[in-house]
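The values are calculated or read from the model by the stated rules, or taken from the named source; none is laboratory data. As the structure is a computational prediction, the values presented were derived from the model and not from experiment. FYI the Cβ positions are ideal-geometry reconstructions off the backbone, even for glycines, and counts take in every protein chain you see. We work out accessible area using only protein heavy atoms, side chains counted, and drop any ligands, DNA or RNA first. Shrake-Rupley method; radii C 1.70, N 1.55, O 1.52, S 1.80 Å.
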Amino acid sequence: MEKNNRIYKGILILAAVLVLAGTGIVYYFRLEQPVFFAHYYDVRVDRESSYSEDMILRYVTNAYDRRVVTAVEFLEIPGVMLWASEREEAIFSWEGEDDSIPGEVHGRYSVRKVYVRNFSLPEDVEADGKVLRKAKVRFDDGSEMTVDMGELHLYEDERRDETHPFEHVSSSSSSDGTSQTVYRILDELTVTEAENPLAERLKGRLDWRLDEKEPDEAVGSIYGERSILSVSSSVLPGEDILSAYALFDFHPVLTFTDQEGRVHTQRFYNMRSQKENHSFLGLHAYISAREAEK
Amino acid sequence: MSEGYRKIFWGTLLVSFLSPGGSISLVLVLIGWTILKAGLGELEEQAQAGDFKRLGKIAVLAAALSLAGGLLYEMLLMRFPPIVFYPIMVLAVELILFHGMFTESIRYFSERGDGVTAGKYREKDRNFMVLVGIAVLFLSVFYTFNTFVTGLIGISFSLISKIYLLGSIHALKIECDQEETGEEEQSSPAQ
């Protein structure tokens, strides 16, 4: 019986130690407030269509946090409350009945995805060139918090003139983070500008080139009639955890001048961050780095 | 005695495989604990050796912990995060209860001079505790870090320990059945 009693006491002590240590760990890693990842997005504001695409934002919160985001208001455009959801839009009615807690659980944390629905703005709101950095986020339990979003650069579609001197040939993107867009140049053109406000932010995360040249080097390049312009990009892992976990959707604009001095612009897409393989320790390092930044 | 073990078997079966989360399972778990407690009461009345009385109190504590944890889990999950460990607490109290049951049963057989049967249940008690210990270890890691593999291993060992426990209680019932039949046969010719 002695041996059994030793095993019995040992297991009870083990259970007590594990529960106490686990409680300590749970409190140590517990987040007071959700932390939104830094988003560096170029966002097209569509004025003509009644339906715009969802904008996807991500944040990290405690595992099994039942609260979900229901609305987002950007402080730079006050009074415009955008409806949001943490579930993909249901195609069939029964899909809308899912009451499970959304998100990917990594240890004590959960990475959540917010779909900001139908990103359209009222006519009287000047959007082109506006940069959104802070947002008031509303949760389904009525709570609210103001968060740093990163930088969302709004732009409105440029109107194309009839002499648009580009012909789209192909576009491709791959899950390894590479993409390529090819245009045929219909008139002799000189690259006069390859700037984007987000480019500096994305150094170390995105390598994009015009026919193998860095954008700065490509300024001044001349493309002859019927020549091919290839814009390629590849996603880089990032130099530190803040950069590695940053999200981006980059739409750079190239400016060209033709022989008659007319200016033409062309915007490029398909340059966005890939699905990140988050880990518990990676998320903890990210949260610590964000707190240290404050 | 066999009737007591029969009740403990059915009570354990109900409380082991149902979580008191929904209203139907809550009623079934309540019934399970009531049957289990009644079984311990019968052992207390009928056993000529062994102290089964304190086990009844431990069963009430285990029932209260299991029911309270099951009912409050969802409500307290965000306000009181250590609630995630309540299944470990329930496992620990169940270990106290069933190790107690084995200990008293072993004492009962020993005091009746049946050393072989006592030794057999001493080994079953040890195996049951080792299975619960492994389940506690892996489930604690799972509840702390939400790691799927440790959760799977922990739940598997928890289920194996419960099946092993049910098999052992059933064997105790048969043991007592045979003993009671033997006693009746011995007393019948005398009549």
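Structural remarks
- Test: residue in the stretch A:129-138 that is farther than 20 Å from A:LEU247 by Cβ, at pLDDT 85 or above and within 14 Å of another protein chain (Cβ to nearest Cβ): no
- Unmet requirement for B:ILE169, which otherwise passes all of (1) within 14 Å of the chain's Cα centre (by Cα); (2) touching a residue at least 40 places away in the same chain (Cβ under 8 Å); (3) open to solvent by 20 Å² or more (accessible area, probe 1.4 Å): (3)
- Of the residues making up the stretch A:33-55, not a single one is farther than 24 Å from A:PRO102 by Cα, within 12 Å of another protein chain (Cβ to nearest Cβ) and either open to solvent by 50 Å² or more (accessible area, probe 1.4 Å) or free of Cβ contacts under 8 Å to residues at least 12 places away in the same chain (or both).
- On inspection, B:SER110 does not qualify as more than 10 Å from chain A (Cβ to nearest Cβ) and either open to solvent by less than 50 Å² (accessible area, probe 1.4 Å) or among the small types (Gly, Ala, Ser) (or both).
- Residue identified as outside any loop (DSSP other than H, G, I, E, B) and acidic (Asp, Glu) among A:ASP187, A:ASP176, A:ASP207: A:ASP207
- Qualifying residue in the stretch B:34-55 (condition: open to solvent by 60 Å² or more (accessible area, probe 1.4 Å), among the aliphatic types (A, V, I, L, M) and away from chain A (no Cβ under 14 Å)): no
- Residues of the stretch B:113-122 satisfying the condition of being open to solvent by 10 Å² or more (accessible area, probe 1.4 Å), part of a helix (DSSP H, G or I) and more than 9 Å from every other protein chain (Cβ to nearest Cβ): B:GLY115, B:VAL116, B:THR117, B:GLY119, B:LYS120
- The numbered conditions (1) in a loop (DSSP other than H, G, I, E, B); (2) open to solvent by less than 60 Å² (accessible area, probe 1.4 Å); (3) more than 13 Å from every other protein chain (Cβ to nearest Cβ); (4) among the acidic types (Asp, Glu) are all true for A:ASP65 except (3).
- Members of the stretch A:266-282 that are among the charged types (D, E, K, R) and outside any loop (DSSP other than H, G, I, E, B): A:ARG267, A:ARG272
- Restricting attention to the stretch A:233-276, the residues that are among the small types (Gly, Ala, Ser) and under 21 Å from A:ILE222 (Cβ atoms) add up to 1.
- Qualifying positions in the stretch B:68-93 - more than 11 Å from chain A (Cβ to nearest Cβ) and open to solvent by less than 20 Å² (accessible area, probe 1.4 Å): B:GLY69, B:GLY70
- Lone qualifier among A:VAL191, A:VAL169 - being open to solvent by 60 Å² or more (accessible area, probe 1.4 Å) and of a type in the set (A, V, I, L, M, F, W, C): A:VAL169
- Filter pass, B:ALA59 being surrounded by fewer than 18 Cβ atoms within 10 Å (Cβ to Cβ) and at pLDDT below 90: no
- Cβ-Cβ contacts under 8 Å between residues 6 or more apart (or on different chains), taken from a first residue in the stretch A:163-175 that is of a type in the set (D, E, K, R) to a second residue that is open to solvent by 50 Å² or more (accessible area, probe 1.4 Å), are listed as A:GLU167/A:ARG184; A:GLU167/A:LEU186.
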